[in-house]
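Worksheet for the structure shown next.
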Amino acid sequence: MNTRPPPLIEAHDIRKRFGNVQALDGVSVRFEPGSFHALLGENGAGKSTLVKCLMGFHAADSGTIRVAGEPRAIPDPRAAHALGLGMVYQHFTLVPSMTVAENLLLSRPDLAGLIHWRAERRGIDAFLARMPFSLDPDAPAMSLAAGEKQKLEILKQLYLGVRVLILDEPTSVLTPQEADEVLSHARRLADAGLLTVVLITHKFREVRAHAREVSVLRGGRNAGGGPVAALDTDVLVEMTFGARPPSDGAVRTERAAGGNYLELRKLSALNDRGSLAVRDLSLHVASGEIVGVAGVSGNGQRELVEVLAGQREPESGDIAVAGRPYRRTRAETRALGVFLLAEEPLASSCVRTLSVADNLALRDFDAPSFARAGWLVDRAAIERRARDLIGRFRIRCAGPQARVDTLSGGNVQRAVLARELSGEVRLLVAQNPCLGLDFAATCEIRARIVDARNRGAAVLLLSEDLDELLELADRILVMLDGRLVFASDRAQAGAAEIGRHMTGHHAAVATT
């Protein structure tokens, strides 16, 4: 790790436009050496664009970036690394089959073709001994828990000599305990003056618990900020959303659940490597009930959702919807009111080369409302509906005809949510529906999910956000290594106990 103190980082009057969207409109921010500085803002506020300008992924249209008081051009990430800036991304970038030591070594840009392992290992051991948290250098990355993988991502940057560390939503794949542990370690490095930490997060709790300073962006401009200790949550909410208050969130209607609408019996499925990812899984979801499935990323949730979506064939087991076998065809999903909110919506729920309007119409472009004689599509009707949904779900885009892959990740997610939550839902399967969304959007989407449940829909909610499950679910199950290992009613569910089962400390097959 570089022992020199981190430099002062200043961004002055940064502007960046993408087509018709002004992503940054004169943003100025200052990251003091050794600070733990949070960046807050709605989706599309400009947070990611700002740090990508700092990291050389984007070239600002105008403005100045200064490092240690000197104006610097940062044309690419390699140049940013040379100046001591590094970034940890939302999703892991590790090589699963390699060890901790090999992943550290692989991150070095000057790695020679012939590695002298004895000397390199001595250097890695000495480096790990200086860190406030450590990992077994011989452990394969695939054997690490999610919190340990995130620590390894941070260690990779420190091993490269980074002195300014940008964390982009680093806790989305962690349990609450793991998230606090990782951010506490980062805070200690900042407090010791060894590192400047810039945290991009949508979680006000994380800002209040770990950050010392905060800057808020709204609509590509500075909306305020200052020392966290001097700003309560209400002030931060007002800075983030302005005069428009966020939704009041989910309001549950007490009601007796109906009959089982979704039933899975001994379902098994392989992952992309041919190994069992879902193992003899059985569960049921009743009409008017939200069943939450908790679990650290990578324990079979993605494969389970892909099976239910018809994107992956099961190895064995049965799926029933409304009491009859469910073959996952398009006709069945429409007839049975099955809707799906998948993770990574651009990859799994959109056609990236089509417009926003066309993606919003993927479910029903051939329905009578939008087609005549079963094949002649009414383009004007599709565009009218798209404009309505863009407004209702606050999708930030250049217009209905903008290609969906020109949208930010959060706005792609809003577009899919608009399509899947605007119909008559009888079964909703949702995986991490609020991942990457800001506070107001999260409140709105959770309210829509609860509203579907209140109106009698069966909801299967798979989420890595334990707070989300504790807020929304009637029952909570825990998925570990492709199996259900714990089950609890809403009234008896406790975050600490669920977190222990998520990390495998009390694994036992659950009865659902």
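A few comments on the model shown:
- Some residue of segment 467-481 being over 18 Å from the mean Cα position of the chain (by Cα), at pLDDT 80 or above, within 15 Å of ASN299 (Cβ to Cβ) and open to solvent by 30 Å² or more (accessible area, probe 1.4 Å): yes
- Candidates are the residues of segment 45-86 that are touching a Cys at 6+ places or on another chain (Cβ under 9 Å) and buried (at least 19 other Cβ atoms within 10 Å of the Cβ); the one that is farthest from PRO5 (Cα to Cα) is ALA60.
- Where a residue in segment 46-69 is within 20 Å of GLN157 (Cα to Cα) and its partner, wherever it lies, is open to solvent by less than 50 Å² (accessible area, probe 1.4 Å) and in a helix (DSSP H, G or I), with Cβ under 6 Å and at least six apart: MET55/PRO77; MET55/ALA80; GLY56/PRO77; GLY56/ALA79; GLY56/ALA80
- For segment 87-103, filtering for residues that are open to solvent by less than 60 Å² (accessible area, probe 1.4 Å) and under 26 Å from PHE57 (Cα atoms) leaves 6.
- Residue check for ALA447: more than 26 Å from ILE319 (Cβ to Cβ), in contact (Cβ under 8 Å) with a residue 60 or more places away in the chain, open to solvent by 20 Å² or more (accessible area, probe 1.4 Å) and out of contact with any helix residue (DSSP H, G or I) (no Cβ under 9 Å at 6 or more places or on another chain): yes
- Scanning segment 365-374 for any residue that is at pLDDT below 90, among the basic types (Lys, Arg), more than 21 Å from ALA415 (Cβ to Cβ) and not in a helix (DSSP H, G or I) turns up at least one such residue.
- Of the residues GLU10, GLU70, the single one that is within 14 Å of VAL164 (Cβ to Cβ) and charged (D, E, K, R) is GLU10.
- Selection from segment 417-431 of residues that are surrounded by fewer than 24 Cβ atoms within 10 Å (Cβ to Cβ) and either β-branched (Val, Ile, Thr) or not in a helix (DSSP H, G or I) (or both): SER422, GLY423, GLU424, VAL425, ARG426, LEU427, VAL429
- Verdict on LEU276 being closer than 30 Å to PRO314 by Cβ, of a type in the set (A, V, I, L, M) and modelled with pLDDT under 95: yes
- Contact annotation: residue pairs with Cβ atoms under 9 Å, 6 or more positions apart or on different chains, pairing a residue in segment 124-143 that is among the aromatic types (Phe, Trp, Tyr) with a partner that is modelled with pLDDT under 90 and part of a loop (DSSP other than H, G, I, E, B), are PHE127/MET1.
- All conditions in (1) exposed (fewer than 13 other Cβ atoms within 10 Å of the Cβ); (2) touching a Ser or Thr at 6+ places or on another chain (Cβ under 8 Å); (3) modelled with pLDDT under 90 hold for ALA146, with the sole exception of (1).
- Of all the listed residues (ILE124, ILE74, ILE115, ILE65), the sole one being farther than 30 Å from GLU32 by Cα and among the β-branched types (Val, Ile, Thr) is ILE115.
- Residue selected from segment 495-508 under the condition in contact with a Leu (Cβ under 9 Å, 6 or more places away or on another chain) and assigned to a loop (DSSP other than H, G, I, E, B), by the criterion surrounded by the most Cβ atoms within 10 Å (Cβ to Cβ): THR503
The values are calculated or read from the model by the stated rules, or taken from the named source; none is laboratory data. Keep in mind that this is a model prediction, so the values were computed, not measured. Neighbour counts run over all protein chains shown; Cβ positions are idealised from the backbone, glycine included. Ligands, DNA and RNA are excluded from the accessible area calculation, which covers all protein heavy atoms including side chains. Shrake-Rupley method; radii C 1.70, N 1.55, O 1.52, S 1.80 Å.
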